[in-house]
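For reference, the structure is listed below as structure tokens.
The values are calculated or read from the model by the stated rules, or taken from the named source; none is laboratory data. Note that the structure is predicted; figures quoted are calculated from it, not measured. Because the Cβ atoms are built from the backbone with ideal geometry, glycine has one as well, and the counts that use them run over all protein chains shown.
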Amino acid sequence: MAHAIELGLDTFGDVTYGPDGKLLPHHQVVRNVVEEAVLADELGLDFIGIGEHHREDFAVSAPDVVLAAIAARTSRIRLGSAVTVLSSDDPVRVFQRFATLDAVSNGRAEVILGRGSFTESFPLFGFDLGRYEELFEEKLNLFTELRKEEPVSWSGSTRPPLQGQRVYPPTASGSLPTWIAVGGTPQSVVRAAHYGLPLMLAIIGGAPLNFAPFVELYHRALEQFGQPQLPVGVHSPGYVAATDEQAREEMWPHYVAMQERIGRERGWSRMSREQFEAEAGPDGALFVGSPETVAAKIVAVARGLGLSRFDLKYSLGTLPHEQLMTSIGLYGREVAPAVREQLA
């Protein structure tokens, strides 16, 4: 059933604490991600996205494999990446993997392409970070040619050329749904419009409505490139509990620990509780609180930015699987119906 707005979930497969207070092994985290997606499907949510990382604190390095496992246990939820780091992958193999996922899921696959906010995949797969922009631009160019599902002739400096070659398997629909994930740079927004691909804004800090100029730029660029109007989505972190106070208290220690861990690598200052509360407030990027609070915030942002989809990034550092399942349950049973009713 089509909705005025699609409501999804994203996870990076964060390594979480188990019932004994110790970090779970990666293999158990992967199995828990599958269970979380199965619950999302049962609740009628529209999308589950799984991120790709190559580091100790995230368990999923091959999202398409995990998504195939989810496909076998679900019936309707759409399945995608969040994101696929195209710069350090091969566009042909990415297309083949997600076209295969599309086949096993009966047409439910989509891919969200991005450059990623972590760089571990570059040395792991032998790519030069100095060619960061060039790698993404060239590989995206090739991927858009592959999506036409016709013989491809292409040449560039980042991989061997193709001469009239077909790539298999084709999708049943003839076109693999593909989004471009953007962190908020104008060049990235224009690039998505140039290739005629839907825009997914990753809003992880600051006021979401401050991204309105990027949405306006995207629509202007689509028109200038002769493209049809296309969907805009938002990916933002959040957590749902019975009350605002409970949600913030349960989220805070895990979220700040994650921020500190990543911040040490990037030179960030420590997040204060006051900063957290501001981000959790009506104008911040964290969708945390009771079902009523979270629903109201999604509705405000969806209206303000003209969204076609909102994906809640529900995994939050070491926050345990059991609490994530409770949050997903509230999101699916209470938040989603309220948002859909208000935006109908």
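Out of everything in region 125-161 that is hydrophobic (A, V, I, L, M, F, W, C) and within 20 Å of Asp102 (Cβ to Cβ), what residue ends up being surrounded by the fewest Cβ atoms within 10 Å (Cβ to Cβ)?
Restricting to residues being hydrophobic (A, V, I, L, M, F, W, C) and within 20 Å of Asp102 (Cβ to Cβ), the top hit is Val152.
Hey, any hits in region 317-330 for a residue that's at negative phi, in a helix (DSSP H, G or I) and without any contact (Cβ under 8 Å) to a residue 12 or more places away in the chain?
If we filter region 317-330 for residues that are at negative phi, which is where we start, we get 318-330.
Now narrow it down to the ones that are in a helix (DSSP H, G or I): 321-330.
Still in the list and also without any contact (Cβ under 8 Å) to a residue 12 or more places away in the chain: none.
Scanning region 317-330, I find no residue that is at negative phi, in a helix (DSSP H, G or I) and without any contact (Cβ under 8 Å) to a residue 12 or more places away in the chain, so the answer is no.
Any residue at all in region 246-267 that is over 25 Å from Gly183 (Cβ atoms), over 21 Å from the mean Cα position of the chain (by Cα) and not in a helix (DSSP H, G or I)?
no
Can you tell me how many residues in region 1-22 are surrounded by 15 or more Cβ atoms within 10 Å (Cβ to Cβ) and out of contact with any helix residue (DSSP H, G or I) (no Cβ under 7 Å at 6 or more places or on another chain)? Spell out the reasoning first.
Residues of region 1-22 that are surrounded by 15 or more Cβ atoms within 10 Å (Cβ to Cβ), as a first pass: 3, 5-18.
Next cut, out of contact with any helix residue (DSSP H, G or I) (no Cβ under 7 Å at 6 or more places or on another chain) only: 6, 8, 10, 12, 14, 17-18.
Selection size over region 1-22: 7.
Listed residues Gly284, Gly304; which is at pLDDT 95 or above, surrounded by fewer than 23 Cβ atoms within 10 Å (Cβ to Cβ) and not in a helix (DSSP H, G or I)? Step through it out loud before you land on a result.
Values: Gly304 fails: not in a helix (DSSP H, G or I).
Exactly one residue qualifies, and that residue is Gly284.
Looking only at region 173-227, how many residues end up being part of a loop (DSSP other than H, G, I, E, B) and either touching a residue at least 12 places away in the same chain (Cβ under 8 Å) or under 26 Å from Tyr132 (Cβ atoms) (or both)?
Here the count works out to 19.
What pairs come out if I take residues in region 126-149 that are farther than 20 Å from Phe95 by Cα and pair them with residues that are crowded, with 20+ Cβ neighbours inside 10 Å and at pLDDT 95 or above whose C-beta lies under 7 Å away, six or more apart or interchain?
From region 126-149, the pairs are Leu129/Phe122; Tyr132/Ser87.
Quick grid of which residues meet (1) touching an Asp or Glu at 6+ places or on another chain (Cβ under 7 Å); (2) over 30 Å from Leu316 (Cβ atoms); (3) surrounded by fewer than 18 Cβ atoms within 10 Å (Cβ to Cβ):
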| position | (1), (2), (3) |
| --- | --- |
| Val167 | no, yes, no |
| Thr171 | yes, yes, no |
| Gly183 | no, no, yes |
| Val189 | no, no, no |
| Pro198 | no, no, no |
| Asn210 | no, no, yes |
| Tyr218 | no, no, no |
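Looking at region 108-122, can you tell me whether even one residue there is loosely packed, with under 13 Cβ neighbours inside 10 Å and acidic (Asp, Glu)?
Within region 108-122, not a single residue is loosely packed, with under 13 Cβ neighbours inside 10 Å and acidic (Asp, Glu).
Taking the options Tyr239, Tyr255, name whichever one is in contact with a Gly (Cβ under 7 Å, 6 or more places away or on another chain), in contact (Cβ under 8 Å) with a residue 12 or more places away in the chain and among the aromatic types (Phe, Trp, Tyr).
Tyr255
How many residues does region 111-158 contain that are assigned to a strand (DSSP E or B) and among the hydrophobic types (A, V, I, L, M, F, W, C)?
We begin by selecting, within region 111-158, every residue assigned to a strand (DSSP E or B); these are 111-114, 152-154.
Next, only the ones that are among the hydrophobic types (A, V, I, L, M, F, W, C) stay: 111-113, 152, 154.
Number satisfying all stated conditions: 5.
Take region 40-67 and flag every residue that is buried (at least 18 other Cβ atoms within 10 Å of the Cβ), part of a helix (DSSP H, G or I) and either out of contact with any helix residue (DSSP H, G or I) (no Cβ under 8 Å at 6 or more places or on another chain) or not β-branched (Val, Ile, Thr) (or both).
The answer is Ala40, Asp41, Pro63, Asp64, Leu67.
Which residues, counting only those in region 68-99, are more than 13 Å from the chain's Cα centre (by Cα), under 17 Å from Ala37 (Cα atoms) and in contact (Cβ under 8 Å) with a residue 40 or more places away in the chain? Give the steps one after another, and end with the answer.
Our first condition is that a residue be more than 13 Å from the chain's Cα centre (by Cα); within region 68-99, this holds for 68-77, 86-99.
With the extra rule that they be under 17 Å from Ala37 (Cα atoms), the set shrinks to 68-77.
Matches in region 68-99: Ile77 only.
Does region 205-219 contain any residue that is over 21 Å from the mean Cα position of the chain (by Cα) and under 22 Å from Asn141 (Cβ atoms)?
Yes, region 205-219 contains a residue that is over 21 Å from the mean Cα position of the chain (by Cα) and under 22 Å from Asn141 (Cβ atoms).
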